[in-house]
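Undergrad: My questions all concern the structure below.
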Amino acid sequence: MRLLVLCAALAATPLAACQDAEVTEAEAPVAVDPVDTGSEVVTTDPPVGTSAGWDTNNDGNFDRNEFTGYRDTGFLGWDDDKDTRLSRTEFEAGWAEAGWRDPGTAFTAFDDNADTFLSDDEFFGEDEFSEWDKNANGVLERGEWNF
């Protein structure tokens, strides 16, 4: 009988001690992931047109200054015959070389007067920038324009 009482007393003691003890935040156990996975790296395709050289600060966006700069230098570079206008062929070649998609649709969108040529004010014109800049923050973020 003594053995039974002694076992019961010993068994009750730690339980009572645990019930009365307070655990502070500093003493609380911390769950630790046993496997160190390191930092997770997410890769995405570079923004369309990055290879064209328009993203001069390499942030993946096309801000108003980059847009204007690209318009000014791009028009001269794409005008192969130097007649101060871009034919559909010149535009499509430059557009494809820049890495953008769907040059035919883009040419039609740029050709405001539908004369089958682009003048320097039609090429990356202010109307395109305003239309594409959906949130009107002065920056074309990825996904705001569809070419």
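The values are calculated or read from the model by the stated rules, or taken from the named source; none is laboratory data. Source: prediction; values computed, not measured. Cβ placement follows ideal geometry from the backbone for every residue including glycine, while neighbour counts extend to all protein chains displayed.
Undergrad: Within the range 52-80, count every residue that is without any contact (Cβ under 8 Å) to a residue 60 or more places away in the chain, crowded, with 17+ Cβ neighbours inside 10 Å and out of contact with any helix residue (DSSP H, G or I) (no Cβ under 8 Å at 6 or more places or on another chain).
TA: 3
Undergrad: Limited to the range 81-99, what total is found for residues that are surrounded by 15 or more Cβ atoms within 10 Å (Cβ to Cβ) and either polar (S, T, N, Q) or more than 20 Å from residue 121 (Cβ to Cβ) (or both)? Give the steps one after another, and end with the answer.
TA: Step one: list which residues in the range 81-99 are surrounded by 15 or more Cβ atoms within 10 Å (Cβ to Cβ), which gives 85-88, 90-95, 98.
Then drop every residue that is not either polar (S, T, N, Q) or more than 20 Å from residue 121 (Cβ to Cβ) (or both), which leaves 87, 93.
Counting residues in the range 81-99 that are surrounded by 15 or more Cβ atoms within 10 Å (Cβ to Cβ) and either polar (S, T, N, Q) or more than 20 Å from residue 121 (Cβ to Cβ) (or both) gives 2.
Undergrad: Can I ask one more? Quick one: is residue 136 surrounded by fewer than 17 Cβ atoms within 10 Å (Cβ to Cβ), aliphatic (A, V, I, L, M) and either touching a Cys at 6+ places or on another chain (Cβ under 7 Å) or free of Cβ contacts under 8 Å to residues at least 12 places away in the same chain (or both)?
TA: Values: surrounded by fewer than 17 Cβ atoms within 10 Å (Cβ to Cβ): yes; aliphatic (A, V, I, L, M): yes; either touching a Cys at 6+ places or on another chain (Cβ under 7 Å) or free of Cβ contacts under 8 Å to residues at least 12 places away in the same chain (or both): yes.
The answer is yes for residue 136.
Undergrad: Now for a different question. Out of 105, 84, 116, which single residue is among the polar types (S, T, N, Q) and within 30 Å of the chain's Cα centre (by Cα)? Step through it out loud before you land on a result.
TA: Values: 84 fails: within 30 Å of the chain's Cα centre (by Cα); 116 fails: within 30 Å of the chain's Cα centre (by Cα).
Being among the polar types (S, T, N, Q) and within 30 Å of the chain's Cα centre (by Cα) holds for just one of 105, 84, 116, which is 105.
Undergrad: Now for a different question. Please work out which residue is modelled with the lowest pLDDT, limiting yourself to the range 88-110 and to residues that are closer than 23 Å to residue 132 by Cα and polar (S, T, N, Q).
TA: By that ranking, first place goes to 105.
Undergrad: Report whether or not residue 71 is out of contact with any Lys or Arg (no Cβ under 9 Å at 6 or more places or on another chain) and modelled with pLDDT of 90 or more. Can you show your working first?
TA: Working: out of contact with any Lys or Arg (no Cβ under 9 Å at 6 or more places or on another chain): yes; modelled with pLDDT of 90 or more: no.
In short, no.
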